[in-house]
Amino acid sequence: MSAPAAVLTALREKFPRVAERASLDHPACNVPLDELLAVLGFLRDEQGYDMLADMTAVDWAEGASPRFTVVYHLFSTTGHDYVRVTAPCAGDTEPVAPSATALWPGANWHEREAYDMFGIRFEGHPDLRRILMWDGYPHFPLRKDFPLAGIETVLPDPEVAAETGTKVISAPMAGGPFVASAGEMNLTEAEPRAKDQSWNEKKEKPE
């Protein structure tokens, strides 16, 4: 297993196209998409980064190319240190990346969340479907072009629609804008709150 300072050197020797990425905390690198799984496997099997701590994505906004980047945080349970690996997705409107579920079964839910929130399709994923939003939801809430206040969307479930008193919602529910009182001493009251707190109001139980 390599020490944190040496892991990037070991990577570049094995994969010359790997480039060091500026980072203030952990060793980090940019990896070509076609070498992503090989790099992740090398870090797991030969460098001791045996745990996938987190996987997420970045949307650099419309006009950027590549627009989407996948980000992996690997942890060594013996060395107790992290390494960050990033790779650009193929495609700017319909981004694609390979699935890491064969290396870490726990990547399953991470990739489903990235698919749900960013619309990134992970080739080789055993069950790629939405994990937070409902099937058929037409938007990807963590993309830069998704408005902070949400988009009015027809609710698919009549029971939920009846309970909320509306057939549409702006997802995410009660998703801001958020406000906080500057200089407030009561930390509970100073916490940022959505202006729409209707979801948090106590409802009278029917007799």
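The values are calculated or read from the model by the stated rules, or taken from the named source; none is laboratory data. Not measured: the values here are computed from a predicted model. Neighbour counts are summed over all protein chains in view; Cβ atoms, including those assigned to glycine, are modelled from backbone coordinates with ideal geometry.
Data table
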{"item": "Evaluation of A5 against (1) in a strand (DSSP E or B); (2) farther than 23 Å from P105 by Cα (one fails), failing number", "result": "(1)"}
{"item": "L24 being surrounded by 16 or more Cβ atoms within 10 Å (Cβ to Cβ) and more than 21 Å from A97 (Cβ to Cβ)", "result": "no"}
{"item": "Filter pass, P88 being surrounded by fewer than 24 Cβ atoms within 10 Å (Cβ to Cβ), within 19 Å of F15 (Cβ to Cβ) and either in contact with a Gly (Cβ under 8 Å, 6 or more places away or on another chain) or not charged (D, E, K, R) (or both)", "result": "yes"}
{"item": "Condition broken by D196, with the remaining ones in (1) out of contact with any helix residue (DSSP H, G or I) (no Cβ under 9 Å at 6 or more places or on another chain); (2) at pLDDT below 60; (3) surrounded by 16 or more Cβ atoms within 10 Å (Cβ to Cβ) satisfied", "result": "(3)"}
{"item": "Total residues in the range 64-85, condition surrounded by 15 or more Cβ atoms within 10 Å (Cβ to Cβ) and either under 14 Å from the mean Cα position of the chain (by Cα) or over 19 Å from F140 (Cβ atoms) (or both)", "result": "15"}
{"item": "Number of the condition not met by A61 [criteria: (1) surrounded by 15 or more Cβ atoms within 10 Å (Cβ to Cβ); (2) aliphatic (A, V, I, L, M); (3) within 24 Å of L132 (Cβ to Cβ)]", "result": "(1)"}
{"item": "Per-region count, the range 76-98, residues touching a Cys at 6+ places or on another chain (Cβ under 9 Å) and in a strand (DSSP E or B)", "result": "6"}
{"item": "Test set (1) in contact with a Lys or Arg (Cβ under 9 Å, 6 or more places away or on another chain); (2) closer than 18 Å to T78 by Cβ - V31 fails condition number", "result": "(2)"}
{"item": "The lone exception for M55 - which of (1) within 28 Å of F146 (Cβ to Cβ); (2) surrounded by fewer than 20 Cβ atoms within 10 Å (Cβ to Cβ) it fails", "result": "(2)"}
{"item": "Count of residues meeting criterion [in a loop (DSSP other than H, G, I, E, B) and either buried (at least 17 other Cβ atoms within 10 Å of the Cβ) or at pLDDT below 95 (or both)] in the range 107-125", "result": "3"}
{"item": "Close pairs (6 angstrom Cβ cut-off, 6 or more residues apart or separate chains): assigned by TED's automatic domain parsing to the domain that holds V85 and closer than 15 Å to N30 by Cα in the range 51-62, loosely packed, with under 15 Cβ neighbours inside 10 Å and among the hydrophobic types (A, V, I, L, M, F, W, C) anywhere", "result": "none"}
{"item": "Filter result for T101 (part of a strand (DSSP E or B), in the same structural domain as R17 (by TED's automatic domain parsing) and buried (at least 17 other Cβ atoms within 10 Å of the Cβ))", "result": "no"}
{"item": "Checking P126 against (1) within 11 Å of the chain's Cα centre (by Cα); (2) without any contact (Cβ under 8 Å) to a residue 40 or more places away in the chain; (3) under 25 Å from F42 (Cβ atoms), the condition it does not meet", "result": "(1)"}
{"item": "Check on F15, closer than 26 Å to K144 by Cβ and touching an Asp or Glu at 6+ places or on another chain (Cβ under 6 Å)", "result": "no"}
